[in-house]
1. What is the distance in Å between the Cα centroid of region 76-145 and that of region 258-281?
2. Which net charge results for the neighbourhood of Ile328, defined as the other residues with beta-carbon distances under 12 angstrom from its beta-carbon, given Lys and Arg at +1 and Asp and Glu at -1?
3. How big is the charge dipole of region 112-199 about its Cα centre, in debye rounded to the nearest 20, if each Lys and Arg gets +1 on its Cβ and each Asp and Glu gets -1 on its Cβ?
4. Packing-wise, with mean Cβ within 10 Å as the measure, how do 131-137, 197-203, 267-273, 73-79 rank, highest first?
5. Taking every pair of Cα atoms in region 112-199, average 1/r, invert it to obtain the Kirkwood radius, and report Rg/Rh to two decimals.
6. Listing Lys54, Lys97 from the residue with the fewest other Cβ atoms within 10 Å to the one with the most, what is the order?
7. Summing Lys, Arg as +1 and Asp, Glu as -1, what charge do residues with Cβ under 9 Å from the Cβ of Tyr382 carry, Tyr382 excluded?
8. Could you line up Ser60, Ser138, Ser362 from fewest to most neighbouring Cβ atoms inside 10 Å?
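Any read-out appearing in this document is the output of simple, stated calculations on the displayed coordinates, not a laboratory observation. Please read these numbers as outputs of a predicted model, since none were measured by experiment. Don't worry about glycine lacking a Cβ; one is built from the backbone with ideal geometry, like all the others, and counts go over all protein chains shown.
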Amino acid sequence: MEAHTEPQLQSLSKTSGRITLSLSDLASNEPASLLQSAQSHLRNLQALSKRSYKAVITSSSHLADLTSLLPTLGSQIDKLRNDIPELETSATEFAAKYDRSTENAVLDRRKRAMLLSRNVDRVSDVLDLPTLLSSTVSAAQSSTASSSSSTATSYASALDLHAHIKRLGGLYPQSELVGNVSKQAEAEIQNLTTILITSLQSPSLKLASAMRTIGWLRRVAPDLAYDGYDSAKAHTTSTRNFSLSKGSATADGALGSVFLVCRLHTLHNTLDALEPLRDLADQETVRRKQGVTSKLLRQQVSASALGSQSERYLKRYIEIFREQSFSIVSMYKSIFPAGLPSPDSGNSSENDKEESLLTLPSPLSSFALHLVELLTATLREYTLNIADKQARESLLTQVLYCAGSLGRLGADFGMMVALLEEDMRTELGAEDPAEGEDPEWVQVMNKHRVQASRLEMLARGVGTGRKASGEILSPTILSA
């Protein structure tokens, strides 16, 4: 212990430069104190070794590897030093490429993608417009047979949607999306136009429904209501003011013609329903042309029965023709009052010849002529089969009533019976009536005038048949 104390004292004296304890303390107390300190340091070192032996081992291994890591670090530093210029060049190019102050396709594409992401709901609404319009048109088509209020609501919704799509097309004419939506909307509007035009062919079409349908067509298909002839006429070099009333050109464009064509189609379909009766009448026509009825058939069938099938067919034909033609013309006059032919259209002077070349005839006048030609052709074909004079007179009387019915609308064709009798006489090779004897058509006309006067008197309440108003207006009962 003393051997160990002396070196410690020497070191302590060297470090402190002076001795702070007395000799007795150094000899008696200091050795025990130093021993305690040494044991305390030993325990601390043992505890430290126990706690940090892993770190010491790791540090030792890292220290052993330090000789190999330092050269590797140096080589990597050299490589990084060489790559820095290339990195700086790439960063400069990237900054120049994606600079917002210059035009860049990639940035524009990203901007459009971000804009689309923010407005995806609006774009979805625009894309749904054709589907919504299609469903509205389908609802209008399905509600045609239901109440008129639901149909009007569907048509109004379809028109509002179409107007909105057209507004979008005007605001964004360069947009392909809006252009495609507009094309789909136009296809749906064409479908709606087809539905409306098809509804004009309904056999049970009434005036109110027809007026509503034409009103919708004016909005759905403005091209049909627009008459390009009007604009061309406005640019004429003549100093005169041409009036559409003289030329009978309609202010509704082709709508009047479309209406007449649809109703004519319905008339043909209704008349085609008489095909069984027409087949029987055709058989009589074939027998008449073959000369069978002259000898053999007259021996088997009475004279009153000859042509009975033709008479049945013509009577039914004229009834349908009278009802449908009067309905068509009256509805046209109510719906298109501006498209009626002018009463003074035939009294034009020579100064109006140039104007007449620029004007178009009224569709109603051409349609009425077509109706008369249709009836005349049928009568010429089948009237020759009727051998009974009374049956022929009854049939001609029915024709005169039909002519009078259209005559109240300005389309009287009563004198057609005279031409019809001439054609019959020419076809059959019959002789002219004797002197003092009126032709058959004159006799029919005289009887018809008497019956018409009676009808007028009964309608005014002068006659005695006031209580049977339905029978009074029936030409079949009066002719019987």
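1. Result: 62 Å between the Cα centres.
2. Details: positive: Arg263, Arg322, Lys333; negative: Glu323.
Charge balance near Ile328 sits at +2.
3. Magnitude of the dipole: close to 200 debye.
4. Details: 131-137: 19.0, 197-203: 16.1, 267-273: 13.4, 73-79: 10.0.
By packing density, highest mean first, the sequence is 131-137, 197-203, 267-273, 73-79.
5. Numbers: Rg = 14.8 Å, Rh = 13.9 Å.
Taking Rg over the Kirkwood Rh, I get 1.06.
6. Working: Lys54 8, Lys97 11.
Fewest to most other Cβ atoms nearby, the residues stand as Lys54, Lys97.
7. On the way: positive: Arg278, Arg380; negative: Asp282, Glu284, Glu311, Glu381.
Combined, the nearby Lys, Arg, Asp and Glu give -2.
8. Working: Ser60 10, Ser138 16, Ser362 24.
Ordered from fewest to most neighbouring Cβ atoms within 10 Å, Ser60, Ser138, Ser362 come out as Ser60, Ser138, Ser362.
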